[in-house]
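Read-outs throughout are calculated quantities, based only on the coordinates presented, and are distinct from any laboratory measurement. Quick caveat, the model's predicted, so the values are computed rather than measured. Glycine also receives a Cβ, built like all others from the backbone with ideal geometry; neighbour counts cover every protein chain displayed.
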């Protein structure tokens with residue numbers, strides 16, 4: 001019977017010989033499953049294969065730490081640095097294997113625990129992250145450890161874990177370096193306390209947890225018959241009908257908030273422009289193009305999908321401004337995003353746009369197509385609960401919970417206590 005480690009490493013090397021490092025890494029990933037630590041006898045072999053793949057991909061910074069670990073696999077510092085580098089490269093599964101080994105060698109190291117928790121979190125394993133941090137209660141007085149425990153506790157559905165860290169987080173709220181992280185926890189707990197009165201916040205309540213974790217409203221959920229998705233889409237074919245449903249939901253929420261946008265600000269891509277032109281007609285507002293020069297202007301900022309948006313267009317939106325509301329039609333739930341929109345139509349893993357790349361219609365014509373679409377009979381599904389969430393008031397301000405007009409806009413974390421099947 002062949003050894004699976006040797007077999008998969010041989011397959012990865014074969015892909016390298018054919019000039020395909022991505023396929024080599026895909027095969028090697030089969031040995032990096034977080035639920036199955038690499039056996040001691042094969043650790044160096046797997047790291048060596050990872051090094052060959054990194055060399056083929058030109059990842060020199062990563063390669064130097066892989067070589068250090070291969071040369072000295074019990075060097076906790078080299079393991080820590082490699083784990084950190086793998087997280088930075090977007091390879092949390094590989095990072096977790098390395099950091100677990102380092103943590104076994106030097107348990108209770110604060111910096112190491114922080115990276116270990118980050119690797120777990122990047123894999124959506126928030127309960128495991130919280131468990132690892134709680135094994136060292138002597139470190140919970142450290143602000144970063146406390147923050148990571150509170151954050152992962154919330155994302156695992158353990159609000160009490162976050163509540164236990166709340167006093168420390170409130171004390172850091174004005175800190176120039178840690179204030180954003182501290183206010184993230186304080187705000188999440190406050191939103192949880194308000195939302196639990198009207199929403200179940202159970203393992204299937206995607207809109208409720210979306211509000212708690214991002215501060216925004218989710219306008220549409222996938223059909224409940226999509227087994228294992230809990231309201232998220234795996235693959236979705238967008239359409240003018242779904243665009244119109246999102247736009248109508250935006251109008252519904254704006255009315256509930258008493259907001260009448262004076263301008264519609266469109267992100268520069270053609271899909272955003274189509275939505276913005278439709279919004280301009282429906283809301284009777286002039287359409288302009290979003291740019292840093294209009295960052296302080298009130299209005300409805302419309303983006304089809306911010307996944308590939310330039311940083312210079314996203315940066316101004318990190319700060320909330322009076323009268324300014326961000327609507328993002330499609331949000332990829334399997335990735336993090338620097339800002340969470342105030343309003344989001346749906347979340348997806350894979351998306352086919354409403355218009356093909358060959359479409360020759362102008363943005364104005366596409367906007368008219370959206371307005372001419374016919375909504376399905378079930379388009380009103382969930383609208384009553386949406387309005388209930390929209391009308392929730394924040395205790396400290398009396399303003400709608402999802403409509404705080406000042407402070408930082410939360411990030412979109414790409415995860416929540418609601419789990420969905422993920423496809424690779």
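Structure summary
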| quantity | calculated |
| --- | --- |
| Degrees between helix 240-257 axis and first principal axis of the chain (Cα, 0 to 90, nearest 10) | 70 degrees |
| For segment 106-137 and segment 214-287, distance of Cα centres in Å | 37 Å |
| Förster radius 25 Å - calculated FRET efficiency between residue 41 and residue 202, Cβ distance, rounded to 0.05 | 0.05 |
| Between segment 362-381 and segment 1-76, the alpha-carbon center distance in angstrom | 49 Å |
| Length added when fully stretched, residue 350-residue 14, from 0.36 nm per residue minus Cα-Cα | 118.0 nm |
| Backbone N under 17 Å from the residue 378 label point (7 Å along Cα→Cβ), restricted to segment 335-355 | 346-347 |
| In nm, spacing of pseudo-spin labels at residue 171 and residue 257 (7 Å Cα→C-beta vector) | 3.6 nm |
| Burial order of peptide ranges 177-189, 209-221 (average beta-carbon count within 10 Å, highest first) | 209-221, 177-189 |
| Extended-chain gain in nm, criterion 0.36 nm per residue less alpha-carbon gap, residue 60 and residue 422 | 127.2 nm |
| Additional length obtainable on full extension of the chain from residue 312 to residue 295, 0.36 nm per residue less Cα span | 5.0 nm |
| Principal-axis tilt of helix 76-88 within the chain, Cα atoms, nearest 10 degrees | 30 degrees |
| Most to least packed among 223-235, 69-81, 343-355 [average Cβ atoms within 10 Å] | 343-355, 69-81, 223-235 |
